[in-house]
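Below: one structure, written as structure tokens.
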Amino acid sequence: MKLFGTDGVRGEAGTFLTAELAMRTAMAAGIYFKKSSKTKKILLGKDTRRSGYMIENAIVSGLTAVGYDVVQIGPMPTPAIAFLTENMRCDAGIMISASHNSFEDNGIKLFDAHGNKFSEEVEAQIEAIYRDDEQIAKAQVTGRAIGSAKRIDDVIGRYIVQLKNSFPSALSLQGMRIVLDTANGAGYKVGPTVLEELGAEVIVLHHEPDGFNINEGCGALHPKDVQKAVKKYRADIGFALDGDADRLVVVDEKGDVVDGDQLLGALGLFMQKYGLLKGDGIVATVMSNQALEDAMAAAGLTLHRCGVGDKYVLEAMREHGINFGGEQSGHVIMHDFAKTGDGLVTALQVLAMVLMTGEKASAALRPFELYPQSLVNLNVKTKKPLESITGLPDVLAGIEAAGMRHLIRYSGTENKLRLLLEGRDRDAMTEQMARLGDFFKHALND
């Protein structure tokens, strides 16, 4: 089985992601990092899942066994690990999280000394070391060479300063009422603190993690409680983070969820207006609505599309010299302020935009109308190569002839087939999706 997926190592804790797998992955990563080691230190953080204790201790064992010193900072957002790895001069950073997945799953995300996620090529090298018994055995050290581990609990202050520095110093959140759902996850401390220190009145939801309630009916995947609270408390805006706080969903003052593509478009146009956008364009994935691309073109900007996954967004941003991009799911990368998707950085930029435009969130965050889009996830037992499915080219040709855009791909972290259709005629699109779903149910069960 392949070790790395779309976003690091991820799977059910205790079955796929066992203590043994975590320890061996840490050994392999440590062996790779030591090739260019400068400090012999690795930063280690996690979200609030119960299985994080098991995996954390296994990773510490693996890293110290190959001679690394480990700095443990406990529950912190994934983007905080990216920032602090460089800020604390570590050789690498490791985040234990399965992001938006339920508590049964967990994952391991790796960052280099500059806080960047690794490329697929580097992941392949680490995976090759992982599978090399002889190299793993030879790398283990003895005596004084064995690494150490220590826990530091006060680094949250460094990240809070970084977040506040991303917010224009001339602005204040004084007088704003904000609802924040931390998904019982890694942002449960830092999120409310930052907003309150900038002057906002903050109504906090789902900020009491117990190891099992992360993402459970709350957060970015389930923003219904934020919607209700915004209307109940007459808030100016609402935000929902996911379990590791690298994703953000925005709810306007009317209690309506803002689509991720409209959020990207609004921020992109705002940055262009104030001379903050680099590269005359933004980056989004193949999942993004065509209306986003058309709106950017109308403003003289180019939308560069890439594969699904925030690391691919970042790679495309670097390739085109662009400082802004993201996914419609809520991963937004403001590269002037963050190494990866950061829900809290995004929230602060949204607040700055609302204040500087003087508009309500419902107006500021919807600069264009979306084209109808349909997304269906099909559970599959095995991921049969799409190119081997008989009759699929003809089915797709029919969809294209009907004037619709399609995207079909397997999930990188789950046994699901994701079907996306987009077109201007919603009824015709719904009919085509039903046919496409039936086709795959038969094709994948033969």
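The values are calculated or read from the model by the stated rules, or taken from the named source; none is laboratory data. Model, not experiment: these values are computed from the prediction. Reconstructed Cβ throughout: ideal geometry from the backbone, glycine too, with neighbour counts over all protein chains shown. What goes into the accessible areas is simple: the full protein's heavy atoms, side chains included, and nothing from ligands, DNA or RNA. Shrake-Rupley method; radii C 1.70, N 1.55, O 1.52, S 1.80 Å.
How large is the charge dipole for the range 329-446, taken about the Cα centre, if only the Cβ atoms of Lys, Arg (+1) and Asp, Glu (-1) carry charge, to the nearest 20 debye?
320
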Tell me, what ³J(HN,Hα) does each residue in the range 157-174 have, in order and in whole Hz, if you take phi through Karplus 6.51 cos²θ - 1.76 cosθ + 1.60 with θ = phi - 60° and put x for Gly and Pro? x, 5, 5, 4, 4, 4, 5, 5, 5, 7, 9, x, 5, 7, 9, 9, 8, 4
Can you give the charge dipole size of the range 1-134 about its Cα centre, rounded to the nearest 20 debye, using +1 on the beta carbon of Lys and Arg and -1 on the beta carbon of Asp and Glu? 400
Using helices alone, what [θ] at 222 nm do you get for the chain, with -39,500 (n - 2.57) per DSSP H run of 4 or more residues, divided over all residues and rounded to the nearest 500? -11500 deg cm²/dmol
Could you give me the ³J(HN,Hα) list for the range 108-118, computed from phi with Karplus coefficients 6.51, -1.76, 1.60 and θ = phi - 60°, whole Hz, x at Gly and Pro? 10, 10, 10, 10, 7, 4, 9, x, 9, 5, 6
Going down the table (LYS117/LYS339; LYS35/LYS117; LYS34/LYS117; LYS117/LYS164), which pairs top 20 Å between alpha carbons? LYS117/LYS164
Between the residues TYR410, LEU421, GLN432, the Cα farthest towards the positive end of the dipole of the range 405-446, that dipole coming from +1 and -1 charges on the beta-carbon of Lys, Arg, Asp and Glu, is from TYR410
Order the peptides 372-378, 342-348 from the highest to the lowest mean number of other Cβ atoms within 10 Å of their residues. 342-348, 372-378
List the lysines whose alpha-carbon lies under 21 Å from that of LYS360, not counting same-chain residues fewer than 8 positions away? LYS224, LYS228, LYS231, LYS232, LYS254, LYS273
Only four residue types carry charge here, +1 at the Cβ of Lys and Arg and -1 at the Cβ of Asp and Glu. Report the dipole size of the range 231-361 about the Cα centre in Debye, rounded to the nearest 20. 260
Connecting every pair of Cα atoms under 10 Å apart in the chain and solving the GNM, the largest mean-square fluctuation among ILE322, ILE146, ILE55 falls on ILE146
Tell me, what % of the accessible area of the chain is carbon and sulfur with a 1.4 angstrom probe? 49
Projecting each Cα onto the charge dipole of the range 131-170 (Lys/Arg +1, Asp/Glu -1 at the beta carbon, about the Cα centre), which of TYR159, GLY147, ILE136 comes out farthest on the positive side? TYR159
How much accessible area per residue does the chain have, counting only protein heavy atoms and a probe of 1.4 Å, in square angstrom? 42
Tally Lys and Arg at +1 and Asp and Glu at -1 over the other residues with C-beta under 15 Å from the C-beta of ASP105: what net charge comes out? -2
Starting at the first residue of the range 186-200, write each ³J(HN,Hα) from the Karplus equation 6.51 cos²θ - 1.76 cosθ + 1.60 with θ = phi - 60°, in whole Hz, x for Gly and Pro. 5, x, 5, 9, 5, x, x, 4, 4, 5, 5, 5, 8, x, 7
Which value in nm describes the separation of the simple spin-label points at GLU120 and ASP154, placed 7 Å from the Cα toward the beta carbon? 4.5
Out of PHE368, ILE96, VAL332 - ranked by how far each Cα lies towards the positive end of the dipole of the chain, with unit charges on the beta-carbon of charged residues - the top one is ILE96
